[in-house]
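Student: Right, I'll just put the structure down here and ask away after.
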Amino acid sequence: SPIQLRDPVQGIATSIKARGSYKVSVADSSKFLVKLVGSNLTNLGPNDLERNFSNQFQSKIKSTIAKGLKETNEELLGVCSELEEFSEKITPGMQGVLDEYGLKLVNFSISAMDIPEDDPNRQLLEKAFAKKREFDVMGAGYQTIKGIEIMGNMSENMASGSGEGGGMGSMAGAGMGLGLG
């Protein structure tokens, strides 16, 4: 199910779906058996064990992914392209819940992580991500670019002489635009 969170850079709320796998082994058999007996599971088969622990681990996996994404201070779309590194970064956070069950995390990997196509904020994030990349390529700061855009818009307004006092409003705006630039 989707993980609800806010993009650490853009501040836009969205959801992420992640898919992957993990492998565990029993590190403390007595602790493991106590947890099994405490869960009232009887006549256990391999699928029953997997289902029981999988359900219990899902919330920990989701919260660890959300916390890891928040701590990256990178755009979600950028992190989604670095899954191997991200998986390695959050793996230690997964071990805590497994310790409670006497289990050891052998392998944890995220194979895919994306923003669902039907998420209404996906387009906002993609546009913001593209704009930031454009600024990075241009080598200019956000305020410089915005100042240039404001001055361009004002010069268009001055040329068109839009409305009464358009010239004065534009001149006042030009001073503001120069301050930003």
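The values are calculated or read from the model by the stated rules, or taken from the named source; none is laboratory data. This is a predicted model, so every value here is computed, not measured. Neighbour counts are summed over all protein chains in view; Cβ atoms, including those assigned to glycine, are modelled from backbone coordinates with ideal geometry. Surface accessibility is based on the protein's heavy atoms, side chains included, excluding ligands, DNA and RNA. Shrake-Rupley method; radii C 1.70, N 1.55, O 1.52, S 1.80 Å.
Conditions tested, residue by residue: (1) surrounded by 11 or more Cβ atoms within 10 Å (Cβ to Cβ); (2) among the hydrophobic types (A, V, I, L, M, F, W, C); (3) within 24 Å of the chain's Cα centre (by Cα); (4) at pLDDT 70 or above.
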position: Ser109; (1), (2), (3), (4): yes, no, yes, yes
position: Pro116; (1), (2), (3), (4): yes, no, yes, yes
position: Pro120; (1), (2), (3), (4): no, no, yes, yes
position: Leu125; (1), (2), (3), (4): yes, yes, yes, yes
position: Glu134; (1), (2), (3), (4): yes, no, yes, no
position: Met138; (1), (2), (3), (4): no, yes, no, no
position: Gly161; (1), (2), (3), (4): no, no, no, no
position: Ala172; (1), (2), (3), (4): yes, yes, no, no
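Student: Also, quick follow-up: Quick test of your reading of the structure: Glu85 fulfils all but one of (1) surrounded by 16 or more Cβ atoms within 10 Å (Cβ to Cβ); (2) at pLDDT 85 or above. Name the failing condition by number.
Tutor: All conditions are met except number (1).
Student: When you look at Glu71, is it part of a helix (DSSP H, G or I) and open to solvent by 40 Å² or more (accessible area, probe 1.4 Å), yes or no?
Tutor: So Glu71 fits the description; yes.
Student: While we're looking at this one, here's another question. For region 87-113, which positions are touching a Lys or Arg at 6+ places or on another chain (Cβ under 6 Å) and more than 15 Å from Asp28 (Cβ to Cβ)?
Tutor: Asn107, Ser111, Ala112, listed by residue number.
Student: Then there is this: Take the residues in region 15-29 that are in contact with a strand residue (DSSP E or B) (Cβ under 7 Å, 6 or more places away or on another chain) and among the hydroxyl-bearing types (Ser, Thr, Tyr); name whichever of them is farthest from Ser81 (Cα to Cα).
Tutor: Ser25
Student: Out of all the residues in region 36-43, is one or more modelled with pLDDT under 85, within 35 Å of the chain's Cα centre (by Cα) and either in a loop (DSSP other than H, G, I, E, B) or surrounded by fewer than 16 Cβ atoms within 10 Å (Cβ to Cβ) (or both)?
Tutor: The answer is yes; a qualifying residue exists.
Student: Can you go through Leu77, Leu98 and tell me which one is surrounded by 18 or more Cβ atoms within 10 Å (Cβ to Cβ) and closer than 17 Å to Ala13 by Cβ?
Tutor: The match here is Leu77.
Student: Find all pairs meeting these conditions: Cβ atoms under 7 angstrom apart; at least six residues apart or on different chains; first residue within region 122-151 and among the basic types (Lys, Arg) and in a helix (DSSP H, G or I); second residue at pLDDT 75 or above and open to solvent by less than 80 Å² (accessible area, probe 1.4 Å).
Tutor: Sorted first by the residue in region 122-151, then by its partner, the pairs are Arg122/Thr14; Arg122/Ile115.
Student: A further question on this structure: Within region 8-35, which residues are hydroxyl-bearing (Ser, Thr, Tyr) and not in a helix (DSSP H, G or I)?
Tutor: Selection gives Thr14, Ser15, Ser21, Tyr22, Ser25.
Student: Under 8 Å between Cβ atoms, at least 6 apart or on separate chains: pull out the pairs that start in region 54-73 with a residue that is of a type in the set (S, T, N, Q) and end on any residue that is open to solvent by 60 Å² or more (accessible area, probe 1.4 Å) and not in a helix (DSSP H, G or I).
Tutor: Going by the 8 Å Cβ cut-off, the qualifying pairs are Asn73/Val9.
Student: Which count do you get for residues in region 4-30 that are of a type in the set (A, V, I, L, M, F, W, C), closer than 22 Å to Pro92 by Cα and more than 9 Å from the chain's Cα centre (by Cα)?
Tutor: 4
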